[in-house]
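Chemist: Handing you a structure now.
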Amino acid sequence: MSKINRYPSETYMCPECESTKISDEVEDTWRCPKCKSLIHVHIECQTTGDRIALIRKQASELDEGDLFLFNGKLNKESYLILGIKTSKNQLAIGLKGWGQVKLTPNTPVNCRIGMWE
Ligand SMILES: [Zn+2]
């Protein structure tokens, strides 16, 4: 998943091991090499100073309730996933306040999980 949309400055943390990771360790799967937890990615918006935490999943790993971020808009609004339908080789993902987006199952997706301090 190295082709995922990244922010210019990011830090990577495993919430289970409570340790910081480097890009090389996590960029293939976005999971901790040791305990396989989803890595928390911290970004700081250069214009607003907002500190945003996110996780990275393949579209096939998304769940209802995840907060979907569009590519290039990691520091912008996120959209609640209301439902996911599979048809042929595509996933139709219903986003609250937006509508439906269609993705192939191996598309990497950023999901907002909150803020950080
Ligand atoms: Zn870990």
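Chemist: Calculate the dipole size of region 10-115 relative to its Cα centre from +1 charges on Lys and Arg beta carbons and -1 charges on Asp and Glu beta carbons; express the result in debye to the nearest 20.
Modeler: So the magnitude is around 440 debye.
Chemist: Tell me the net charge near CYS14. Cut-off is 9 Å between Cβ atoms, CYS14 excluded, with +1 for each Lys or Arg and -1 for each Asp or Glu.
Modeler: Values: positive: LYS21, ARG31, LYS34; negative: GLU16, GLU18.
Result for the local shell: +1.
Chemist: Report the net charge of residues surrounding LEU95, where surrounding means a beta-carbon distance below 14 angstrom and charges are Lys +1, Arg +1, Asp -1, Glu -1.
Modeler: Details: positive: LYS73, LYS76, LYS85, LYS96, LYS102, ARG112; negative: ASP63, GLU64, ASP66, GLU77.
Charge balance in the 14 Å sphere: +2.
Chemist: Using Cα pairs closer than 8 Å and at least 6 residues apart in sequence, work out the relative contact order for the chain, in percent.
Modeler: On the way: 239 pairs, mean separation 28.7, N = 117.
It rounds to 24 percent for the chain.
Chemist: Sketch the reach of a paramagnetic label on GLN100 as a point 7 Å from Cα along Cα-to-Cβ, and name the residues of region 77-94 whose backbone nitrogen lies under 11 Å away.
Modeler: Taking a point 7 Å out along Cα→Cβ of GLN100, the residues of region 77-94 whose backbone N falls under 11 Å are 84-87, 91-94.
Chemist: Using the structure shown, select from LYS36/LYS88; LYS21/LYS88; LYS36/LYS73; LYS76/LYS102 the pairs with a Cα to Cα distance greater than 31 angstrom.
Modeler: On the way: LYS36/LYS88 29 Å; LYS21/LYS88 37 Å; LYS36/LYS73 27 Å; LYS76/LYS102 20 Å.
The pairs that break the limit, which is 31 Å between Cα atoms, are LYS21/LYS88.
Chemist: When the chain is treated as a GNM, springs tying every alpha-carbon pair under 10 Å, which of SER37, SER78, SER87 comes out with the largest mean-square fluctuation?
Modeler: Result for the chain, Cα springs under 10 Å: SER87 fluctuates most.
A short reminder: the numbers here are calculations on the coordinates, not readings from a lab. Owing to the predicted nature of the structure, the values given are computational and were not obtained by experimental measurement. Quick reminder, even Gly has a Cβ in these numbers, built from the backbone with ideal geometry, and neighbours come from all protein chains shown.
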